[in-house]
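Enquirer: Questions regarding the structure given below will be posed in turn.
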Amino acid sequence: MEKKILSLILTTIILVIVSCAPKRTVQRIDPDKQTDLSGRWNDTDSRLVAEELTVQVLNEKWLPRYELAHNNERPVVIVGLIRNKSHEHIDAETFIKDIERSIIKNGSVRLVQAAEKREDLRTERADQQQFASKNTAKQWGLELGADFILQGSINSIVDQYKNEKTVSYQINLELTDLESNEIVWIGDKKIKKYIK
């Protein structure tokens, strides 16, 4: 009898604990809606910084100078490595994709694939040489060479005292002429967040 009472009490306690546990709800929201739950770098920061830096780089003097020297031809740009030097884990690939998307939307320059993706394309082209018809196989040696490479870093500084902190992000980008190694543009964007 005592075992049944003990079992009943234990079952009752478990049911009470489970029923008092917070219930999780999930709802879909607009991906463009600005949300900032933790104060860390997020999708909104990535998109807004990419858009602003793209406007900066494509509205500078290097672009009309290039067009003037090259018969109004649009330059070819590659987005290279953007290093995460911040205190957080930030997937730089999503930031790079946001930059590439902004560059393509703007249309002032031509964009080519970065190193890792180029290797995939070359593998596919090699397969086509063996398995595709001669009429549809893509030719070797016709890749578009980049004129400029865009590279940079994401940096952060954290200042904290008790339950308050500020996190400052500085995103630095540089555009370099691939032939001469001349840096033709440097831009940055700063974000500062107060978290309590």
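Enquirer: Considering only residues that are surrounded by fewer than 17 Cβ atoms within 10 Å (Cβ to Cβ) and not in a loop (DSSP other than H, G, I, E, B), which ones fall in the range 130-148? Step through it out loud before you land on a result.
Expert: Filtering the range 130-148 for residues surrounded by fewer than 17 Cβ atoms within 10 Å (Cβ to Cβ) gives 130-145.
Matches in the range 130-148: Gln130, Phe131.
Enquirer: Just the residues that are surrounded by fewer than 17 Cβ atoms within 10 Å (Cβ to Cβ) and in a strand (DSSP E or B), please, taken from the range 154-167.
Expert: Initially, the range 154-167 is screened for residues surrounded by fewer than 17 Cβ atoms within 10 Å (Cβ to Cβ), giving 157-166.
Residues satisfying the conditions are Ile157, Val158, Asp159, Gln160, Tyr161, Glu164, Lys165, Thr166.
Enquirer: Looking at (1) without any contact (Cβ under 8 Å) to a residue 40 or more places away in the chain; (2) more than 26 Å from Ser156 (Cβ to Cβ), can you tell me which one Trp62 breaks?
Expert: Exception for Trp62: condition (1).
Enquirer: Sort out which residues of the range 75-107 are part of a loop (DSSP other than H, G, I, E, B) and surrounded by fewer than 15 Cβ atoms within 10 Å (Cβ to Cβ), and write them in order of number.
Expert: First pass over the range 75-107, keeping only residues part of a loop (DSSP other than H, G, I, E, B): 75, 85-91, 107.
Result: Lys85, His87, Glu88, His89, Asp91, Gly107.
Enquirer: Just name the residue that is modelled with the lowest pLDDT out of those in the range 12-70 that are outside any loop (DSSP other than H, G, I, E, B) and among the acidic types (Asp, Glu). Steps first, answer last, please.
Expert: Taking the range 12-70 first, the residues outside any loop (DSSP other than H, G, I, E, B) are 12-20, 43-58, 62-69.
Still in the running and among the acidic types (Asp, Glu): 43, 45, 51-52, 67.
On the way: Asp43: 87, Asp45: 90, Glu51: 94, Glu52: 95, Glu67: 96.
Looking at the filtered set, the residue picked out is Asp43.
The values are calculated or read from the model by the stated rules, or taken from the named source; none is laboratory data. This one's a predicted model, so the numbers in the text were calculated from it and none came from an experiment. Glycine also receives a Cβ, built like all others from the backbone with ideal geometry; neighbour counts cover every protein chain displayed.
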